[in-house]
Amino acid sequence: MESSLPSTQILDSGESAEGKNEAKNYNEVMSTLPKVKSLNGYDYYLYQGFWYAPFFLEGLMSVQEHFNPQSTDIFVASFPKTGTTWLKALTFAILTRSRLSGSTTSALLSKLPHDCVPFLEYDLAQNPSNRDLAIPLVSTHVPYSCLPKSIISASCKIIYICRDAKDAFVSLWYFLAKQRRSENVEPLPLEKSFELFCNGIANYGPYWDHLLGYWRASLEFPEKILFLTYEEMKKDTAAHVKKLAEFMGCSFTLEEEEGGEVQMIISLCSFEKLSNLEVNKNGKHRPDTSIAIQNSIYFRKGEIGDWANHLTPEMGARLDDIMDQKLKGSGLKLPR
Ligand code: A3P
């Protein structure tokens, strides 16, 4: 997940008069929206059924109005902390493999995966040309029902990843806590954050509605939307890498498979490999901006079930019950 800032910081960033007017309009819209204190201490706004940090809401409103995708664009979509970094790395490595001739030259060795795939509601909201058009990958945390209509009407492909709610929550709490501590601010206690999360209050939340939007769309348009889980991808990464390649229209040839290309991509994108790279240990994401953040914050444990080390069994059961109720009748059951 990206950092969140009060909206006034965007207004002060010295854009054109037109840009300032637009930001002012977005602020006016925001002033009419319900808001609540969030997991990281900022206000979150309820917009089109979902909660947003102001910073991302402005980006979303902007791309809803202005964004024009290429019809060949493929969107990597997720709720924050559900496996975005891994999925970005894998899709990027798969799509760019032919021009790289092996992992040793991959941009993933010198750049954080988030710097290889532009983020819709920040990078492309700031400037639509913040991308290499030859690599048709864009990432987003925007819920399906809030995506710019242009993405739906261009029939772009979407790959969605999600994860057990308990692990997603714990991952999110640690991410926000590290971010807060780096700003010398005490994070919200885990129990208080948990309460908010169970009430659906998180950036891009409620979590269950985020899942359900993409899940239902994937049932309706299976050739356009691929729905994945972190847990299943961990269990059989090779099958998922092949599935991703097929879905993106660049299946592995027999020759590539026999030459170990699938395994090379898995190793390159593994938690162990990426988290130990110099760039991901010591580099910064968007270093020259007010939302600079340590790359290392995107890599914590990369394990399934770590929630049990941080939540009580009662807290786990409570979130499981909420998810069961919310997903009831949808046909979606997340691995636990
Ligand atoms: P944990 O906090 O449980 O360790 P996102 O990428 O959506 O922000 O999600 C972050 C989660 O994915 C973190 O989970 C992080 O450790 C894990 N992660 C990051 N890179 C990964 C990789 N290459 N393989 C598997 N998990 C990864």
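Some notes on this structure:
- Distance from segment 147-165 to segment 205-279 (C-alpha centre basis), Å: 15
- Calculated FRET efficiency for the pair Val279/Leu46, C-beta based, R₀ 45 Å, to 0.05: 0.75
- Length gained on full extension, Ser290 to Lys243: 13.1 nm, using 0.36 nm per residue less the C-alpha separation.
- Whether segment 154-211 is rounded, prolate or oblate, judged on the alpha carbon gyration tensor where a/c under 1.5 counts as rounded: prolate
- log10 of Debye I(q)/I(0), alpha-carbon scatterers only, for segment 67-327 at 0.09, 0.14 Å⁻¹: -0.40, -1.03
- The modelled label-to-label distance between Glu195 and Asp132, using points 7 Å beyond Cα along the C-beta direction, is 4.8 nm.
- Three-way shape label, segment 177-336, alpha-carbon gyration tensor, a/c 1.5: oblate
- Computed from the alpha carbon positions, the gyration tensor of segment 28-106 leads to an equivalent ellipsoid with semi-axes of 34, 17, 9 Å, biggest first.
- Basic side chains Lys and Arg get +1 at the Cβ, acidic Asp and Glu get -1 at the Cβ, and with that the dipole of segment 70-219 about its Cα centre reaches some 340 debye.
- Most simply put, segment 67-327 has about 10% antiparallel DSSP beta bridges, counting only bridges with both residues inside it.
- Extension gain (nm, one decimal) between Ser145 and Arg181, 0.36 nm per residue minus Cα-Cα: 9.6 nm
- Using the Cβ-Cβ distance between Val29 and Cys250 with R0 set to 30 Å, the FRET efficiency from 1/(1 + (r/R0)^6) comes to roughly 0.15.
- Taking amide H atoms as placed 1.01 Å from N in the peptide plane, the amide H of Leu137 lies under 5 Å from those of Ile74, each 5 or more residues away in sequence or on another chain.
- Of all DSSP-defined beta bridges confined to segment 35-194, some 40% are antiparallel rather than parallel.
- A prolate overall shape is assigned to segment 237-287, the ratio a/c of its alpha-carbon gyration tensor axes (a ≥ b ≥ c) being 1.5 or greater and a/b exceeding b/c.
- Segment 133-210: GluC sites (Glu not before Pro) in DSSP coil with no more than 13 other Cβ atoms inside 10 Å: Glu183
- For a label point 7 Å along the Cα-to-beta-carbon line of Ser330, residues of segment 40-74 with backbone N under 14 Å: 50
- Ranked packing of 322-331, 162-171, 260-269, most packed first, by mean Cβ within 10 Å: 162-171, 260-269, 322-331
- Rolling a 1.4 Å probe across the protein heavy atoms gives the chain an accessible surface of 44 Å² per residue.
- Candidate aspartates and glutamates - alpha carbon under 18 Å from Lys166, same-chain residues fewer than 8 apart omitted: Glu191, Glu195, Asp209, Glu231, Glu232, Glu303, Asp306, Glu314, Asp320, Asp321, Asp324
The values are calculated or read from the model by the stated rules, or taken from the named source; none is laboratory data. This is a predicted model, so every value here is computed, not measured. Cβ sites come from the backbone with ideal geometry, for glycine too, and all protein chains shown count toward neighbours. Areas reflect the complete protein model, heavy atoms only, side chains present, ligands, DNA and RNA absent. Shrake-Rupley method; radii C 1.70, N 1.55, O 1.52, S 1.80 Å.
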